[in-house]
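The values are calculated or read from the model by the stated rules, or taken from the named source; none is laboratory data. In this text the structure is predicted, and so the values were computed from the model without any measurement. FYI the Cβ positions are ideal-geometry reconstructions off the backbone, even for glycines, and counts take in every protein chain you see. These accessible areas exclude ligands, DNA and RNA; they are computed on the full protein's heavy atoms, side chains included. Shrake-Rupley method; radii C 1.70, N 1.55, O 1.52, S 1.80 Å.
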Amino acid sequence: MVTTKRYHLAQRPAGVPDDDTFDLREIDLDDPAGGEALVKLRYLSVDPYMRGRMDAGESYAEPWEVGDPLRGAAVGEVVDETGTEFDAGDTVVGNMTWAEYHLADASELQRIETGALPVSTALGVVGMPGRTAYFGTREVLEPRAGDTVVVSAAAGAVGSVVGQLAKLQGAKVIGFAGSDEKCEVVEDEFGFDACINYESTDDYVAALADAAPEGVDGYFDNVGGPITDAVFSHLNVDARVAVCGQIALYNAEEQPTGPRKLGKLIESRARVQGLLVSDFAPRFEQASADLAEWVAAGEIQYRETVTEGLANAPDAFLGLFEGENVGKQVVKVSD
């Protein structure tokens, strides 16, 4: 038996979550039964989609009940197991609780080898965010040489990779990010052709007209809201729009009614398609292998924002909605 600290959903938030949303408990875990493994967490992922799981309403991810442990992708080390294919010392990734230790069914875990890359990248550039960018760009956005592609949340874990993949296809790439410092990273490290600071820009439509005078052929939407309204006004004929996230609206207690932009789709004959990376699960291994190869070759750059300590996991999660992270936000639970 091992004692661990673990976060639970204390109450459903009204609007923006706060400290009262999270309940840190100390619990005992049994020794592994047949087919189970005890994992010591090293890194925990926090992601915007988790906000939807805190609400009772329907979403693409099943809601947590009040009192449930919070869960997310995590990397850890197997410390004990019974009747599994794993050995003590194996590094694994899986959907685990926000905790120091997690008792998992072996079917929930996958052994990983990240080679020269830090194991945390299994939660980022070669993990779910990287694969989201991979399939969203290649299968939905379909950038072609000479296209102009716009990416919102361009400094984030998904958007930063989307822009670089589009550049590899010969597209011109424009990003939106929330500070001059982030825009500098987007342009200088991730290789975007331009970046618009949405915090200091009053007129997104005019800013896009300056950055993309030839119009927009592809838009990867991570945020929704006024940025998306502005991009829609610039869509070219046969443009492709990949809708991956709507973080600007996740904490809204009532969904706002924005400008009516669907008429632009008639003019542009644009294709707007939602994206869930889980639809591509049979091809995850190939996507991660390709991404790792591009990172090793220096064709894709990545950033991580690492928050130290399980106790600070709520702050790391809430910081996503304040734009505090660059690249993938992870929580370092242990060495």
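So here's what we get for this one:
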{"quantity": "The chain: antiparallel DSSP beta bridges as a percent of all, rounded to 5", "calculated": "60"}
{"quantity": "Those Cys residues of the chain for which no other cysteine Cβ falls under 4.7 Å", "calculated": "C244"}
{"quantity": "Coarse-grained scattering of the stretch 72-158 at q = 0.15, 0.26 Å⁻¹, given as base-10 log I(q)/I(0) from a Debye sum over alpha-carbon atoms", "calculated": "-0.67, -1.31"}
{"quantity": "Spatial separation of Cα centroids for the stretch 293-328 and the stretch 150-224, in angstrom", "calculated": "18"}
{"quantity": "Size descriptor, Kirkwood hydrodynamic radius, that averages inverse alpha-carbon separations across the stretch 1-123, Å", "calculated": "15.2"}
{"quantity": "Carbon plus sulfur fraction of accessible area for the stretch 183-335, probe 1.4 Å, in percent", "calculated": "47"}
{"quantity": "Cα-derived Rg over Rh, computed across the stretch 236-335 with Rh taken as Kirkwood radius", "calculated": "1.06"}
{"quantity": "Evaluated over the stretch 119-208, the Cα radius of gyration and Dmax, each in Å", "calculated": "12.8, 42"}
{"quantity": "Cα extents of the stretch 286-335 along the three principal axes, largest first (Å)", "calculated": "35, 26, 17"}
{"quantity": "Under 5 Å, built H, 5+ apart or other chain: amide partners of E304", "calculated": "K328"}
{"quantity": "Within the stretch 226-280, trypsin sites (Lys or Arg not before Pro) in DSSP loop having at most 14 other beta-carbon neighbours inside 10 Å", "calculated": "R260, K261, R269"}
{"quantity": "Cα-based Rg of the stretch 59-203 normalised by 2.2 N^0.38 Å, two decimals", "calculated": "1.30"}
{"quantity": "Cα convex hull of the stretch 39-82 - mean projected area over all directions, nm²", "calculated": "4.1"}
{"quantity": "Per residue accessible area in Å² of the chain, where ligands, DNA and RNA are left out and the probe is 1.4 Å", "calculated": "45"}
{"quantity": "Close Lys-Lys pairs in the chain, where close means Cα under 26 Å and separation is 8 or more or interchain", "calculated": "13"}
{"quantity": "Quarter of Cα convex hull surface for the stretch 146-257, i.e. mean projection, nm²", "calculated": "6.8"}
{"quantity": "MRE, 222 nm, helices only [DSSP H, n ≥ 4, -39500 (n - 2.57), over the chain, to nearest 500]", "calculated": "-6000 deg cm²/dmol"}
{"quantity": "Sites excluded, GluC sites (Glu not before Pro) in DSSP loops with at most 15 other C-beta within 10 Å, longest stretch of the chain", "calculated": "114-198"}
{"quantity": "Amide proton proximity set for G156, modelled H, under 5 Å, gap of 5+", "calculated": "G327"}
{"quantity": "Length-normalised contact order of the chain in % [C-alpha pairs under 8 Å, at least 6 apart]", "calculated": "18"}
